[in-house]
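What follows is a single structure, written as structure tokens, with notes after it.
The values are calculated or read from the model by the stated rules, or taken from the named source; none is laboratory data. Fair warning: this is a prediction, and the values are worked out from it, not measured in the lab. FYI the Cβ positions are ideal-geometry reconstructions off the backbone, even for glycines, and counts take in every protein chain you see.
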């Protein structure tokens with residue numbers, strides 16, 4: 001059964017959904033007219049805002065025993081994009097690398113993993129190039145890379161030589 005999440009006076013989008021304890025959690029963003037997006041978590045259709053109007057994009061959601069973690073990106077006052085994790089306790093900056101965005105969330109017991117990319121520049125054909133990142137509990141993790149690894153349109157590709 002479809003459920004209206006707004007009164008129709010604002011634009012809204014849901015990017016992640018989770019069910020826990022019989023409750024439906026839907027995470028996304030909402031904006032009115034020409035404002036930036038602000039993060040919102042709907043719990044059984046009731047909105048809880050977890051950011052101000054600042055430019056927010058949600059890309060992950062995890063819920064266990066009613067405790068939620070939302071992962072995504074927020075634009076700062078300098079128009080730089082940064083990955084964040086939000087909980088009922090507040091916001092946590094995952095990385096202060098400029099033009100870096102979180103793209104995925106995974107939770108394993110007490111460990112919170114965020115996958116993301118950072119803009120590194122452009123190739124000779126003006127395609128954007130990104131560097132892939134993995135953070136565990138806010139600490140960047142070393143990833144095995146090869147000189148032929150690359151990222152294009154937010155997809156990180158790894159070169160694997162034949163064995």
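For residue 136, all conditions in the list (1) at pLDDT below 90; (2) surrounded by 11 or more Cβ atoms within 10 Å (Cβ to Cβ); (3) within 28 Å of residue 14 (Cβ to Cβ) hold save one; what is the number of the exception?
So the condition that residue 136 fails would be (1).
Looking only at segment 22-42, which residues are buried (at least 22 other Cβ atoms within 10 Å of the Cβ) and assigned to a loop (DSSP other than H, G, I, E, B)?
The answer is 37, and nothing else.
Taking the condition outside any strand (DSSP E or B), touching a strand residue (DSSP E or B) at 6+ places or on another chain (Cβ under 6 Å), surrounded by 20 or more Cβ atoms within 10 Å (Cβ to Cβ) and at pLDDT below 95, does residue 51 pass?
Criteria met by residue 51.
What residue, among those in segment 5-16 that are in contact (Cβ under 8 Å) with a residue 12 or more places away in the chain and not in a strand (DSSP E or B), is farthest from residue 70 (Cα to Cα)?
Ranking the candidates gives 9 first.
Out of 92, 109, report the one residue that is under 13 Å from the mean Cα position of the chain (by Cα) and under 20 Å from residue 135 (Cβ atoms). Explain how you work it out, then say what you get.
Working: 109 fails: under 13 Å from the mean Cα position of the chain (by Cα).
Just one listed residue meets the conditions, 92.
Residue check: is residue 67 out of contact with any helix residue (DSSP H, G or I) (no Cβ under 6 Å at 6 or more places or on another chain) and at pLDDT below 85?
So residue 67 does not fit the description; no.
Would you mind finding the one in 58, 70, 19 that is closer than 23 Å to residue 112 by Cα, out of contact with any strand residue (DSSP E or B) (no Cβ under 6 Å at 6 or more places or on another chain) and not in a loop (DSSP other than H, G, I, E, B)?
19 is the lone residue from the list that is closer than 23 Å to residue 112 by Cα, out of contact with any strand residue (DSSP E or B) (no Cβ under 6 Å at 6 or more places or on another chain) and not in a loop (DSSP other than H, G, I, E, B).
Only one of 125, 76 is surrounded by 13 or more Cβ atoms within 10 Å (Cβ to Cβ) and at pLDDT below 90. Can you tell me which?
Matching residue, one of 125, 76: 76.
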